[in-house]
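Take a look at the structure set out below.
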Amino acid sequence: MASQTPFERLTPDHVLSCLEAEGLTLDARLMALNSYENRVYQVGQEDGPPLIAKFYRPERWSDDALLEEHAFTEELATLDIPAVPPLRDARGATLRKSEDGLRFALYPRVAGRAPNLEDEAALAILGRYLGRIHAVGVLKPFAHRPALTVASFGHDSRRFLLESGLIPFHLETAYDTLSADLLALIEARFADWQPPTLRLHGDCHLGNLLWHEEVAHFVDFDDARQGPAVQDLWLFTSGEAEEQAHQLGKLLEGYEQFHPFDRRALALLEPLRTLRILHHAAWIGRRWEDPAFPLAFPDFDTDRYWSRHILALREQLGALQAPVLSVP
């Protein structure tokens, strides 16, 4: 069974020791960056620019899966698509290991901010980059990384939470029946049309974009997996249906310059949003014993969190029953 506190030995001194063992000359400046699944730090060098060190959660991914992620980002960067691949060591390896078995990678630091999604030109630029990523992603499938499925994101998440005891007793029945109804609708939507899958970023949201001088640098491919193309698009939409349709239209203006997009995939937008909501709650629950998670999600074990979660699922039930978004 995986340790519930896998990073307890990863003190600042230990981080610096791991990196110095790689031959780096550090200036002892170490800053923890926002990350929960893994541990990520910006480290200063005496003889070069700062680096980003990413320590992977033990037992989450196999070495082959991590190397497949690295290879995908390198494949993109080779084609001048602004993904940020890890640096290779003196032996040419991207995946590094400390003496005590922690796996990590080093990345160049890339400056930037989140793009302004109210800027139509920015949406078109972002769409072009996503189209280029997917044009590469479709060339071959992942061999060692999982697919985004209704089973893994939906049914497994629901089952875990119902068995975990994390949901307050008086809200269990509401969660049980509502999540079952949602998954039945989602299953039916996917049964109507089985979308082709490709290699995705997988967690393509504003926090994983660094925008600088009209270039969108894509970072953190840790959740890269097989899935439908729309998964990397819908997270950049928000607001009412009309506003979402406008945003998607601008994204697709750029996207379709490099990769085709089947409009039937728009029927999966709300199912994928619902699966993400279900999966996110289960993800927090699975990591609840990691000390970083109660600090980051302090109300998770309260009635307030679960009442809001059930309300969000009820809203998704309405969204799933509404007409499918239409984009010209």
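Readers should treat all values here as calculations from the given coordinates under stated rules, not as data from a laboratory. Please read these numbers as outputs of a predicted model, since none were measured by experiment. When we count neighbours, we look across all protein chains shown, and the Cβ atoms used for this are built from the backbone with ideal geometry, even at glycine.
Taking R0 as 45 Å, what FRET efficiency do you get between residue 302 and residue 257 from their Cβ-Cβ distance, rounded to the nearest 0.05?
Details: r = 47 Å, r/R0 = 1.05.
The computed FRET efficiency comes out at 0.45.
Return a whole-number percent for the relative contact order of the chain, with Cα pairs under 8 Å and 6 or more residues apart as the contact set. The partial results should precede the final answer.
Working: 459 pairs, mean separation 63.4, N = 328.
Normalised by residue count, the contact order of the chain is 19 percent.
Under a point spin-label approximation (7 Å from Cα along Cα-to-Cβ), what is the residue 238-residue 151 distance to one decimal in nm?
Those two pseudo-labels are separated by 3.5 nm.
How high is the FRET efficiency between residue 14 and residue 169 when r is their beta carbon distance and R₀ equals 51 Å, given to the nearest 0.05?
Between residue 14 and residue 169 the formula returns 0.80.
Of all the C-alpha pairs in the chain, what % are more than 27 Å from each other?
Numbers: 26497 of 53628 pairs.
Of the Cα pairs, 49 percent sit more than 27 Å apart.
Going by how many other beta carbons lie within 10 Å of each one, how would you line up 125, 310, fewest first?
Details: 125 19, 310 16.
Taking fewest neighbouring Cβ atoms as first place, the list is 310, 125.
If I take every Cα pair under 8 Å that is 6 or more residues apart in region 12-108, average their sequence separation and divide by the length, what percent do I get for the relative contact order?
Computed value for region 12-108: 23 percent relative contact order.
Quick check: residue separation of residue 91 and residue 22 times 0.36 nm, minus the Cα distance between them. What number comes out in nm?
Numbers: separation 69, 0.36 × 69 = 24.84 nm, distance 1.10 nm.
Taking residue 91 through residue 22 to full extension adds about 23.7 nm, to one decimal.
If a paramagnetic tag sat 7 Å from the Cα of residue 205 along the Cα-Cβ line, which residues of region 18-47 would have the backbone N under 13 Å from that point?
The answer is 35-37, whose backbone nitrogens lie closer than 13 Å to the label point.
Where the centroid of each part is defined by its Cα atoms, how far is region 1-79 from region 129-205 in Å?
Region 1-79 and region 129-205 have Cα centres separated by 28 Å.
Please work out how much length the chain gains when fully extended from residue 181 to residue 47, using 0.36 nm per residue of separation minus the C-alpha to C-alpha distance, in nm with one decimal.
That works out to 42.4 nm of additional length.
Can you tell me the alpha carbon radius of gyration of region 45-199 divided by the globular rule-of-thumb value 2.2 N^0.38 Å?
Ratio of Rg to 2.2 N^0.38 Å for region 45-199: 1.37.
Roughly what % of DSSP beta bridges within the chain run antiparallel, to the nearest 5?
90
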